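One structure below.
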Amino acid sequence: MSKVFSTSLRCRLPALLFLFQGAVLVIFALFVTYDEHTDAASQPADADPSANQVYAIFPFFQDIQLMLLVGLGLLLAFMKGYGVSAVACNFLLANFSTQWALVVQGFVHYGQHGRVHLGLYNILTAEFAAVTVLISAGAILGRTSPIQLLLMSLCEIPLYVACEWLIVSYFQAVDVGGTITLHVFACYFGLGTSIALYRPGLQLGHPMETPSYISDLLSLVGTMFLWVFWPSFVAVLAHQGDAQHRAVLHTWLTLSASALTSFATSSLLEKKGKLNLCHLQNATLAGGVAIGAVADMVISPAGAFALGIVSSLACILGFKYMSPFFATRVRLQDQCGIHNLHGLPGIIGAVGGIVAILLVPDEAYGPRLHQVFPQRGLLPLNVTLETTLVGQNVGRSATQQALHQVAGLGVSILVSLVGGYFTGLVLKLPFLAQPPDQVCFDDALYFKIQESTENSSVEQARGDLLVPLKDKA
Amino acid sequence: MSKVFSTSLRCRLPALLFLFQGAVLVIFALFVTYDEHTDAASQPADADPSANQVYAIFPFFQDIQLMLLVGLGLLLAFMKGYGVSAVACNFLLANFSTQWALVVQGFVHYGQHGRVHLGLYNILTAEFAAVTVLISAGAILGRTSPIQLLLMSLCEIPLYVACEWLIVSYFQAVDVGGTITLHVFACYFGLGTSIALYRPGLQLGHPMETPSYISDLLSLVGTMFLWVFWPSFVAVLAHQGDAQHRAVLHTWLTLSASALTSFATSSLLEKKGKLNLCHLQNATLAGGVAIGAVADMVISPAGAFALGIVSSLACILGFKYMSPFFATRVRLQDQCGIHNLHGLPGIIGAVGGIVAILLVPDEAYGPRLHQVFPQRGLLPLNVTLETTLVGQNVGRSATQQALHQVAGLGVSILVSLVGGYFTGLVLKLPFLAQPPDQVCFDDALYFKIQESTENSSVEQARGDLLVPLKDKA
Amino acid sequence: MSKVFSTSLRCRLPALLFLFQGAVLVIFALFVTYDEHTDAASQPADADPSANQVYAIFPFFQDIQLMLLVGLGLLLAFMKGYGVSAVACNFLLANFSTQWALVVQGFVHYGQHGRVHLGLYNILTAEFAAVTVLISAGAILGRTSPIQLLLMSLCEIPLYVACEWLIVSYFQAVDVGGTITLHVFACYFGLGTSIALYRPGLQLGHPMETPSYISDLLSLVGTMFLWVFWPSFVAVLAHQGDAQHRAVLHTWLTLSASALTSFATSSLLEKKGKLNLCHLQNATLAGGVAIGAVADMVISPAGAFALGIVSSLACILGFKYMSPFFATRVRLQDQCGIHNLHGLPGIIGAVGGIVAILLVPDEAYGPRLHQVFPQRGLLPLNVTLETTLVGQNVGRSATQQALHQVAGLGVSILVSLVGGYFTGLVLKLPFLAQPPDQVCFDDALYFKIQESTENSSVEQARGDLLVPLKDKA
């Protein structure tokens, strides 16, 4: 494809990263200061230290970081010779994207009088933005250079921030766990990019595209990390108290239903009923994607459970029937199947949210209606919370809220697909160290892989393809 | 053994799981609603959100989930070609058992006016029940189909719930970390099942029964996860405050003593003093099993330390001398040595609890006697806590409490052994996809293992045995 | 080197460990009791259970344990045939050192009226001491027997406790995250030991000293664990409230800057711009080492960010230019490059702290000056906190504080280097089972490695060297 261009990262990757770090440092020095939770000087002398915001966020934050860097890193490491790239590029991209989101969100959301105020909360919301990029990258894993991935992040983060503002602040759509703003957006952005980067030469697959025994096992362990900590991800931005408790409960229920449904469906669809690890690695998490749109709503335990069943069914059917169709007919390569894990369950979750808004009576929320739906149960300013009658619904009707949810979902899909496609066109620029077809999915292209003295099996597999590329110590 | 029966999971596993998920969904829809911590409508408008029960449970809960799915999963993945099955079946069984326990415990413990009230606390106690099944499965790992494991769970969970009620609610035995109700029960249930499933054909071992270098290393990493988070497991159900603090402290001390004692003992017993990884993977955790029965009692730091030393000694001696004896004389195959890790230390812990109850004077508990022993230090209803004199012992004497502990231990061993044996007989039914002897301990039987183009060493080892079973892509 | 001496651990390791466990048990039984947070009898009846100290420590404590046992264990497991030793010896050494530190610190810090008072806080500070030993061991990894490592711990822990008392209590230097007392001390102690244990026979390297594909990947995953949980390690001993929040925030910022700078620098320095995994595994953590000295100071987000950039630059330049120089000219073998990860960034962090003390005006600390610098902003005893004017600086001037920091850094380097060297001389005693040159870096020397029936690639690599040592089952 672009064999004539160099794939060396030297100069280009350092230049991009050093420039970026320098720019972030200058911006921090000029514009960024502490927020009211981290600033020593502005603390009232009688402040209760245990009430500092850090304690409400930090445990969730650590869980989420482990999900992203260990869980997602290992999950992506499913190919036999691409594990190091998966873990390391995921780590690189997560940090780059979070820093970039810190800057963009800082000026958009947290700026006052020309100063950006910084605390752990900003880093948390910036990591949510970064997750978008990590998911999108799943569509083009192994077919792109680190430089291309960073460039994608540069384009995607501002678009995510704008789109999230449109959905959450302008439409006031409700999406506490990021189903619409994050998963759906990330999926269609990634697919848009992948369409632009379509490679006919890889349509019939690549010998390095398969897992090894160990890489498959490590990827499954990555799924375990994601599965365990997913409730933290969904619940962290919910209101403290019963809303956060519901979010945790619903997420666990939906994930557990997804887990068992995945085993059942995989066995049903595969030859001799053998369980397909790719299904288990992905579809067991599908409910977690869907639940985000409804996590703090009063959907009942049964509702959360049903959502998990439907999501994982859709995910596996997507892997079985939709991905091959996409690859052959739509000229769309989706390396990790993000459309099956993030697109389909994301849309299911968004639709589930609309159904829940229309079906669940306001009485089920009692005094929490306004908390879950900021545009509903609005109170006249002179009425205190204590005197509010349950069900006193000022503001949007349920139908109006539902229509705003529909608008949010539509915007997310449309903006991301178009934005992703144009980003993909940018990524085709010739000097971005894009790997040629025959050395895709290979750690040895961008990493100095220190090899054993004898040929390992990984080596032997590479042997035929990589002779001119080897970089033995 | 049962070579004439099909080992295909197709139809049978999906049918069982879809039926189960459908039944759980119907039960949830008809009977399950929110509890007072998750129900929005019933929240008082002035409720302190940070006092919601979720914050007292969730950090422990996440630790425990990581223990079970990553720690235990990896620990069980010690065989060279059975790592995928270990992690995946552990995951399957954990979810199936927790859901089933949610239903059973829901109706037994949390039902009011025909409705089951659900919050994170229920999921926590249901996971304790699920741990029982995961431990029991260790006795028959690699010799059973997923369908058999699920059937075992269907039988074991109700028996566990009944037995736990008998021990904790009826006898009012004290067992905050589940030593008697969980570890001892799980061990003898598993051994009972294993006796019924005895396979003469495997008495001399199986070529796939050994670890590879990487599987041994990953299993050791699994031990690290279990070791690190074990204090959360033991302490989560202790009373908040000093009792929970003692539980954490005691568990750390006992685990640390177990760790060093394991290194010492293993080196002493092995040829040339070489450390045996099987000992390190298991006996370093033995103290954690034992401490559960006494974790919140005032046993002194030295007591906890001594318990760790004795437990790990017993565990390693069990692996060295008792397991071979069982395998050859008692026709009892204990694949993971659960009798050494859960049976012996469990009994040691239970006996330790009895000794502590008899030896520690009531004064050592001060105002906490009633908290640790609900049947001791009982107060007349019109006396408030503030006016209670320390040591005013109303209710059971120490001896009476000790006798109830003995009764609890006896019931746990007896009920589980008999229940396990009959469950094992059920598992011998011919249509449960039980693997024939020669393809035990092999991932490729129930999983679609995507293999490298060249033969990996795992493949070569399988070659001789599995030719008729291969399912190459 | 010492081929004539036996390398068998039998008798020696068990004797040392059983003696040690017996001694600890006797000391616990005679001298150790509960502290005010764990003692049931002394609890006031109206104590708020949720205010128990355990809740302020436990979440951080668990994170740190995971860092040490999983994160550091895997990071050290980078050599192809030394992964089991890395994880297991790290685990052994962590427990031995923590217990030993519990005893030493108990009598020095927590003793009252001849009794040591024990709670989770003691275990936390003892683990900080243990970290010192684990870091130092990195310098001599693979060239020492477990017995030598334990002996090193016996020498290092008391010296650490003394040195830390000198720096923190006597000089009142500020070092909330242990940069000076822990990282710098550990590094130069390890280097001192390594100088004494210099092996000319290994100067040209050893065939087992290289990573395999999988060991490199697992080591990178270890880095992820360390990276994710590093903020917990730095912040746990900071004052609750805004100080702890700042520590978390600064640590994340510095680590993130280190991460991106590491990718940039590694690509710049390596042939064809290929990323060097050794750089990524280490230098991405460099900022975390440096930030400890300034974590709760008001250094501004930009300051933390800059520190991360400089530290990781220094770390990679150290690996590239300093380590080879040390190995060839100074006769100093630093197996894991601890001077690059702990020495250089540690000194940078200490110097950064001095600069921050001199440059940041007292007003930036407001009412927190005394909290961050116990010897500054001192209050007359009859003035309550509420009436204090901001900036009322009683006690040391900034310059005085800075001079005490310099003294602390100097003491740490000097004491550790000398202490380490003499410890190294002790470790050369002939009966400590030291491995001869040709079987260094080999799990099979001290561990019973259960090998596959066919030769794995690890086996083949060992074949030439280890024939006389094999211990096949």
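Does segment C:18-77 classify as rounded, prolate or oblate by the C-alpha gyration tensor (a ≥ b ≥ c root eigenvalues; a/c under 1.5 gives rounded; else a/b over b/c gives prolate, otherwise oblate)? Don't jump to the answer; show the numbers that get you there.
Numbers: a/c = 6.31, a/b = 1.26, b/c = 4.99.
Oblate is the answer for segment C:18-77, as a/c is 1.5 or above yet b/c matches or exceeds a/b.
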If you put +1 on each Lys and Arg Cβ and -1 on each Asp and Glu Cβ, how big is the dipole of chain A around its Cα centre, in Debye rounded to 20?
1460
Among A:VAL87, A:VAL70, A:ASN52, the residue whose Cα sits farthest towards the positive end of the charge dipole of segment A:1-112 (+1 at Cβ of Lys and Arg, -1 at Cβ of Asp and Glu, taken about the Cα centre) is A:VAL87
For chain A, calculated [θ]222 nm from helices alone, where every DSSP H run of n ≥ 4 adds -39500 (n - 2.57)
-18000 deg cm²/dmol
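Nearest-5 percent of antiparallel DSSP beta bridges in the protein assembly as shown?
Values: 6 of 21 bridges.
DSSP beta bridges in the protein assembly as shown are roughly 30 percent antiparallel.
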Summing +1 for each Lys or Arg and -1 for each Asp or Glu, what net charge is found among the other residues whose Cβ lies under 15 Å from the Cβ of A:LEU255?
-1
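Just want to confirm a number: the relative contact order over chain A, from Cα pairs under 8 angstrom separated by 6+ residues, in percent. Numbers along the way, then the final one.
Numbers: 781 pairs, mean separation 110.3, N = 473.
Worked out over chain A, it gives 23 percent.
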On a 0 to 90° scale, report how tilted helix A:120-137 is relative to the longest principal axis of chain A, with both axes built from alpha carbons and the result rounded to the nearest 10.
40
Label points for C:LEU359 built 7 Å along Cα→Cβ; distances to same position in the other copies, nm, shortest first, come to 6.0, 6.0
Note the distances from C:VAL426 to each other copy's matching label point, with points 7 Å along the Cα-to-beta-carbon direction, in nm, sorted shortest first.
6.1, 6.1
From the residues A:ALA327, A:GLN105, C:SER412, which one has its Cα farthest along the dipole of the protein assembly as shown in the positive direction, the dipole being from +1 and -1 charges on Cβ of Lys/Arg and Asp/Glu about the Cα centre?
A:ALA327
With Cα coordinates, the longest principal axis of chain A makes an angle with the long axis of helix A:54-66, in degrees rounded to 10, of 20
Highest to lowest packing among C:64-70, C:437-443, C:401-407, A:25-31, scored as the average C-beta count within 10 Å
C:64-70, C:437-443, C:401-407, A:25-31
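Send over the semi-axes of segment B:85-210's equivalent ellipsoid, whole angstrom and largest first, taken as the square roots of 5 times the C-alpha gyration tensor eigenvalues. Present the calculation step by step, with values, prior to reporting the outcome.
Working: eigenvalues 173, 53, 26 Å².
Here the semi-axes work out to 29, 16, 11 Å.
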Of C:84-91, B:339-346, C:44-51, ordering from highest average Cβ density within 10 Å down gives B:339-346, C:84-91, C:44-51
Using Cα atoms only, what is the angle between the long axis of helix A:344-359 and the major principal axis of chain A, expressed in degrees (0 to 90) to the nearest 10?
10
Diffusion coefficient, µm² s⁻¹, Stokes-Einstein with Kirkwood Rh over alpha-carbon pairs of segment A:233-331 at 20 °C and 1.002 mPa s:
153
Inter-site label distance for B:VAL351 and A:THR399 at 7 Å from Cα along Cβ, in nm
7.5
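Determine one quarter of the surface area of the Cα convex hull of segment A:191-258, which equals its mean projected area, and express it in nm² to one decimal. Don't skip to the answer; put the middle values down first.
On the way: hull surface 29.4 nm².
Value for segment A:191-258: 7.3 nm².
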What base-10 log of the normalised intensity I(q)/I(0) is obtained for chain A from the Debye formula, alpha carbons as equal point scatterers, at q = 0.06, 0.11, 0.12 Å⁻¹?
-0.28, -0.91, -1.07
Inter-copy distances for A:GLY395, nm, shortest first, label points 7 Å along Cα→Cβ, are 4.8, 4.8
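Using the structure shown, list the pairs from B:LYS80/B:LYS274; B:LYS80/B:LYS448; B:LYS80/C:LYS271; B:LYS272/C:LYS80; A:LYS272/C:LYS80 with a Cα-Cα distance above 26 Å, or answer none. Intermediate results must be reported in sequence, preceding the final value.
Values: B:LYS80/B:LYS274 21 Å; B:LYS80/B:LYS448 16 Å; B:LYS80/C:LYS271 37 Å; B:LYS272/C:LYS80 23 Å; A:LYS272/C:LYS80 38 Å.
Beyond 26 Å between Cα atoms: B:LYS80/C:LYS271; A:LYS272/C:LYS80.
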How do C:201-210, A:122-131, C:288-297 rank on mean C-beta neighbours within 10 Å, highest first?
C:288-297, A:122-131, C:201-210
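When the dipole is taken about the Cα centre of the protein assembly as shown, and only Lys, Arg (+1) and Asp, Glu (-1) are charged at their Cβ, what size is it in debye, to the nearest 20? Don't jump to the answer; show the numbers that get you there.
Details: 66 positive and 81 negative charges, 777 e Å.
That gives the protein assembly as shown a dipole magnitude of about 3740 debye.
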Return, for the Cα atoms of the protein assembly as shown, the radius of gyration and Dmax in Å, separated by a comma.
30.1, 90
At a 1.4 Å probe, what is the % contribution of carbon and sulfur to the accessible area of segment A:119-247?
66
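Residues of C:68-76, mean number of Cβ from any other protein chain within 10 Å of their own Cβ, rounded to a whole number? Write out the running numbers ahead of the final one.
Working: counts 2, 7, 9, 2, 0, 4, 3, 0, 0.
That average works out to 3.
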Just going by the charge dipole of the protein assembly as shown, with Lys and Arg at +1 and Asp and Glu at -1 on Cβ, which of C:ALA364, C:ASN340, A:VAL228 is farthest out on the positive end?
C:ASN340
If you add up the charges near B:LEU182, with Lys and Arg at +1 and Asp and Glu at -1, over every other residue whose beta carbon is less than 14 angstrom from its beta carbon, what do you get?
-4
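So with the 1.4 Å probe, I'd like the accessible area per residue for the protein assembly as shown, rounded to whole Å². Please list the in-between numbers first.
Working: 44130 Å² over 1419 residues.
Result: 31 Å² per residue.
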Whether segment A:93-159 is rounded, prolate or oblate, judged on the alpha carbon gyration tensor where a/c under 1.5 counts as rounded
prolate
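The values are calculated or read from the model by the stated rules, or taken from the named source; none is laboratory data. All values reported here derive from a predicted model rather than from experimental measurement. So basically every Cβ, Gly included, is an ideal-geometry build from the backbone, and we count neighbours across all protein chains shown. Ligands, DNA and RNA are excluded from the accessible area calculation, which covers all protein heavy atoms including side chains. Shrake-Rupley method; radii C 1.70, N 1.55, O 1.52, S 1.80 Å.
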